[in-house]
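To start, the structure under review is shown below, and the notes come after it.
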Amino acid sequence: MAQQPTTIEHKAYARVGLLGNPSDVYYGRTISFSLGNFCAIVQLQPSDDLVIKPHPKHDLVQFSSLDHLVNRLQSEGYYGGVRLLMAICRVFYKHCKENQIDLHSGNFTLSYDTNIPRQTGLSGSSAIVTAALNCLLDFYKVRHLIKVEVRPKLVLNAEKELGIVAGLQDRVAQVYGGLVYMDFSKENMDKLGHGIYTPMDISLLPPLHLIYAENPSDSGKVHSTVQQRWLNGDKFIISSMAEVADIALEGRTAILDKDYAKLAGLMNRNFDLRRSMFGDDVIGALNIEMVEVARRVGAASKFTGSGGAVVVYCPEGPSQVKLLEDACQKAGFVIQPVQVIPSLLNEDDLKTLS
């Protein structure tokens, strides 16, 4: 009997920017980790034709009424994951062609699912793209030919094709998994085309919590001018961004030394710097309230990304966590203990590392 073609499946997890967070755009440094609480799953099955399957919920094109369609667009926007899968297929193909990597002529069907909450700054889009890239690497058996350091750039390029404004940090965390320290210094970016990424032991982290709003209506709708000011040489923005990058450097030492009091101070300082640069109108009242709800019980807190969710550390332990849970319930926020996923790289991947 002929062997049944096997399904390839990969998961990519949401990510949390723990410290730093002016990404490669500002030649910064950052520490991020992959968050096991939420993930995107992509499945690839060999098939006669190449098929990208719409998701029954996220790529809805059939509605019960005009009312249903309009409400749906207001809550979810126009975009599902089909365009993300198409974009990574194109970027992957182009990369292989430019680098003389031969691809066999077999076809496949790609499908996806995700439970990463929307508009929470947990990198839901790039998780779908990262999982799909992993499926393509295995289907074409080219994992050993595309270096791990290059893969976050491929994910980013797929999103850039769709006009998604993003940086490398999230994609590095999702490609590597685990806890990663990243240095995007101008020298590295110019010379290598990517940063220097150093995996760290996840057991060094203290217990952390995640706070997010289930219906994030106010995720800071005002357009930020920070990047333009940075490009224009604004001294305040440049010095603040340098300080945020230094926070990641100090944070790395604090984590290695298990100096969690220092870590708490750095998390708070990180958010305060962001707030002073971006301003409250850009950050949004709901986002500020998520940070403040933690601070009112004496916990340290900052955004996981650019807003929508907050990572929290309670230095006083379980009694403080209980206070925080009660405060979140009252404010209408969801709170969960953070699950950190260890590194996702396998032996083939590790062989490609510089």
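Accessible area per residue was computed with a 1.4 Å probe on protein heavy atoms; His10 scores about 40 Å². Counting only aspartates and glutamates at least 8 places from Lys330 when in the same chain, those with an alpha carbon closer than 17 Å to its own are Glu214, Glu289, Glu292.
How much of the DSSP beta bridge set in the chain is antiparallel, as a percent to the nearest 5? Once the DSSP bridges in the chain are tallied, antiparallel ones form about 95 percent. Rounded to the nearest 20 debye, the dipole size of the chain about its Cα centre is 260 debye, using +1 on the Cβ of Lys and Arg and -1 on the Cβ of Asp and Glu.
Ordering Met189, Ser105, Val70 by Cα displacement along the dipole of region 41-200 toward the positive end leaves Met189 in first place; charges were set at the Cβ atoms of Lys, Arg (+1) and Asp, Glu (-1).
Longest stretch of the chain clear of exposed loop sites (GluC sites (Glu not before Pro), DSSP loop, at most 13 other Cβ atoms within 10 Å, sites excluded): 1-213. With all projection directions averaged, the alpha carbon convex hull of region 41-135 covers 7.3 nm². Of the residues Arg72, Arg151, Arg252, Arg269, the one with the largest accessible area comes first in the ranking Arg269, Arg252, Arg72, Arg151, computed with a 1.4 Å probe on protein heavy atoms.
Measuring against 29 Å, Cα to Cα, the residue pairs Lys153/Lys302; Lys53/Lys94; Lys57/Lys302; Lys160/Lys262; Lys11/Lys147 contain Lys57/Lys302; Lys160/Lys262 as the ones spanning a longer distance. The alpha-carbon atoms of region 181-304 define a convex hull whose volume equals 137 cubic angstrom per residue.
Ranking Ser32, Ala127, Ile8 by Cα position along the charge dipole of region 4-131, where only Lys, Arg, Asp and Glu carry charges on their C-beta atoms, puts Ser32 farthest toward the positive end. Using a probe of 1.4 Å on the protein chains alone, the accessible area found for Ile31 is around 0 Å². For the Cα trace of the chain, dividing Rg by the Kirkwood Rh returns an Rg/Rh value of 0.97. Stretching Ile164 away from Asp190 to a fully extended chain increases their span by 7.1 nm, per 0.36 nm per residue minus the current alpha-carbon distance. Please report, to one decimal in angstroms, the Kirkwood hydrodynamic radius of region 15-78 built from all distinct Cα-Cα pairs. Evaluated over region 15-78, this radius sits at 16.1 Å.
Think of region 159-292 as a dipole: +1 on every Lys or Arg Cβ, -1 on every Asp or Glu Cβ, centred on the Cα centre; then among Gly284, Met241, Ala254, Met241 lies furthest on the positive end.
Once the C-beta distance of Tyr79 and Lys322 is scaled by a Förster radius of 41 Å, the resulting FRET efficiency is 0.60 to the nearest 0.05.
If you find the alpha carbon centre of region 266-327 and of region 114-128, how far apart are they in angstrom? Computed from Cα coordinates, the inter-centre distance equals 20 Å.
How much of the accessible area of the chain, probe 1.4 Å, is carbon plus sulfur, in whole percent? Whole-percent figure for carbon plus sulfur exposure: 52.
Paramagnetic label reach from Ser47 (point 7 Å along Cα→Cβ; backbone nitrogen cut-off under 14 Å): within region 99-136, residues 107-113. Excluding ligands, DNA and RNA, the accessible surface per residue across region 154-208 is 37 Å² with a 1.4 Å probe. Remark: spin-label model distance Val334-Val61 equals 2.9 nm, labels positioned 7 Å along the Cα→Cβ axis. All Cα-Cα separations within region 260-354 were binned at 10 Å from zero, giving a P(r) of 14, 41, 25, 13, 7, each value a whole percent of the pairs.
When the chain is treated as a GNM with alpha-carbon contacts under 10 Å, the residue of Asp246, Asp138, Asp102 showing the greatest mean-square fluctuation is Asp102.
The values are calculated or read from the model by the stated rules, or taken from the named source; none is laboratory data. Since the model is a prediction, treat every value here as computed from it, not as a measurement. Virtual Cβ from ideal backbone geometry, glycine too; neighbours counted across all protein chains shown. Keep in mind that these areas ignore ligands, DNA and RNA; they rest on the heavy atoms of the full protein, side chains included. Shrake-Rupley method; radii C 1.70, N 1.55, O 1.52, S 1.80 Å.
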